[in-house]
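Working notes, beginning with the structure itself.
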Amino acid sequence: MVIAANAAVGKRWASHATGILAGLTAGGTFLVGALDLGGAGLVQAGPGGQQAALDGGIMVTAALAAILAARPVRERIARWLPIDPDSPVHAYALVLAVILFGTQLATTLFVDVLGIDQTLPPLGVGDLFYSETPFLIMALAGIGLYVRRNARGAADRLGLVRPAWWQITLALAAAGAFFALIQGADWLSHQWTPGIASQVDKTTAHVFGGLNDPVGIAAIALLPGICEEILFRGALQPRLGLLVTALLFTSVHTQYGLSFDALSVLVVAIGLGLIRKYTNTTTSGLAHITYNLLAGIGIGSLVGVAVAVELGLVGLAVYGIWSSRRRIVPAGELVEPSKVS
């Protein structure tokens, strides 16, 4: 359906395609919630969950998504987000974003996600691969690879470029800052909400316990860092904006439930979005990968060394940004002053 939206761009029947795609997707989502509310057993809230509330949340989400089929609604949204209200791709991206965020929010609110995750088998490298590659596939389909763009055009649209040395340094410094932020949020969580923090620790240890060898740590670092960044920062952020994309990114990390950890993920998502906005997706991806690597390895007793390295990286990044800005010739210097008549 994403490919169909791309194929409809610029066609006379683009508006009809937008309505059909939005209607089918929103209608199908509503039907899932309605059938489950009637006892079909399509979606399970699990022990301690609120099944009726979950189904209601899915249905409300579908209704909100269906409203986006109306062009006047998209015109209003375009005042706040960098979308083209006439584009079937942008319209369908909005529909999918609403459905993703709404269903994930309903799941977080009305399902005991932490409890359910502890009953599932630990993730393996294969599980991680199959859970992350759909993000990459959706990103490539969404920007119209080989439908509206060739490989070079797709890379440009996604912000995948060769980074400058200072951008690499910035990514490494940002990863260290993200790691410190997450550790601080985890400490606060244990101090202020020890019950939730304990559940998050148990869930995290169980879900990722099968990935604590070198291959598993490398998979945790690379797969989410590449696939999630290409979708969220590369494909979605230029159309849905930084904040909306950060909220979507946070919503897919349901393993943290409602906790300080989830809030810290939102802050990190905003940080990655800022890196993407002012540099490129390659740099934000490198920051994401490096953070995941730090989280997988841990720094243990090397805190002092880590702080020293972080300060050095921050200094280099600041110098690199300053020196790169100095090389930019002000636009006014390129224009010959005109005489005032």
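None of the figures in this text is laboratory data; all of them are computed from the coordinates on show. The model shown is predicted, which means the values in this text are computed figures rather than measured ones. Using ideal geometry, Cβ is built from the backbone for each residue, glycine included, and neighbour counts are taken over all protein chains shown.
With +1 on the Cβ of every Lys and Arg and -1 on the Cβ of every Asp and Glu, and nothing else charged, how large is the dipole of the chain about its Cα centre, in debye rounded to the nearest 20?
On the way: 20 positive and 19 negative charges, 318 e Å.
Here the chain has a charge dipole of around 1520 debye.
For the chain, what is the relative contact order in percent, using Cα pairs closer than 8 Å and at least 6 residues apart in sequence? Don't jump to the answer; show the numbers that get you there.
Numbers: 430 pairs, mean separation 72.0, N = 341.
Rounded, it is 21 percent for the chain.
Which of the peptides 191-203, 231-243 is most tightly packed, and how do the rest follow, going by the mean number of other Cβ atoms within 10 Å of each residue? Could the numbers behind the result be given before it?
Numbers: 191-203: 15.2, 231-243: 22.7.
For the peptides 191-203, 231-243, the packing ranking is 231-243, 191-203.
Full-extension gain between Ala218 and Leu311, please, as 0.36 nm times their residue separation minus the C-alpha to C-alpha distance. Mind dumping the intermediate values first?
Working: separation 93, 0.36 × 93 = 33.48 nm, distance 2.53 nm.
Full extension of this stretch gives 30.9 nm more.
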| request: Mind sorting Ser251, Ser323 by how few other Cβ atoms lie within 10 Å of their own Cβ, fewest first? | output: Ser323, Ser251
| request: Could you work out how far the C-alpha centroid of region 63-140 sits from that of region 168-214, in angstrom? | output: 24
| field | At R0 = 35 Å, FRET efficiency that the Cβ-Cβ distance of Glu75 and Ile3 yields, to 0.05 | value | 0.85
| task | Run through all the Cα pairs of region 57-135 and give the fraction in each 10 Å bin from 0, expressed as whole percent. | result | 16, 32, 30, 17, 5
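For a footprinting-style exposure proxy, rank His206, His288, His16 by other Cβ within 10 Å, fewest first.
Values: His206 18, His288 28, His16 12.
Ordered by Cβ neighbours within 10 Å, fewest first: His16, His206, His288.
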| request: Please work out which option in (i) 187; (ii) 137; (iii) 121 gives volume of the Cα convex hull per residue in Å³ calculated from these coordinates, and answer with its label. | output: (i)
| said: Considering just Cα atoms, how many Å³ per residue does the convex hull of region 11-85 enclose? | reply: 107
| message | Less than 15 Å Cβ to Cβ from Gly225, Lys/Arg counted +1 and Asp/Glu -1: what total charge do the surrounding residues give? | response | -1
| Helical mean residue ellipticity (222 nm; -39500 (n - 2.57) per DSSP H run of 4+; nearest 500) of the chain | -23000 deg cm²/dmol
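Subtract the Cα-Cα distance of Leu31 and Trp165 from 0.36 nm times their separation in residues, and report this length gain in nm to one decimal.
Numbers: separation 134, 0.36 × 134 = 48.24 nm, distance 5.11 nm.
Taking 0.36 nm per residue and subtracting the Cα distance, the gain is 43.1 nm.
Set the Förster distance to 35 Å, then compute FRET efficiency between Arg148 and Ile67 from the Cβ-Cβ distance, nearest 0.05.
Working: r = 26 Å, r/R0 = 0.76.
It comes to 0.85.
Pulled fully out, how much extra length does the chain show between Arg326 and Leu181, if you take 0.36 nm times their separation in residues and subtract their Cα-Cα distance? Please report the intermediate quantities before stating the final value.
Working: separation 145, 0.36 × 145 = 52.20 nm, distance 3.09 nm.
Working it through step by step, the gained length comes to 49.1 nm.
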| message | How high is the relative contact order of region 123-325? Use alpha-carbon pairs under 8 Å, at least six apart in sequence, and give a whole percent. | response | 37
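Can you give me the relative contact order of region 1-111 as a percent, contacts being Cα pairs under 8 Å and 6 or more apart?
On the way: 137 pairs, mean separation 40.4, N = 111.
About 36 percent, as a whole number.
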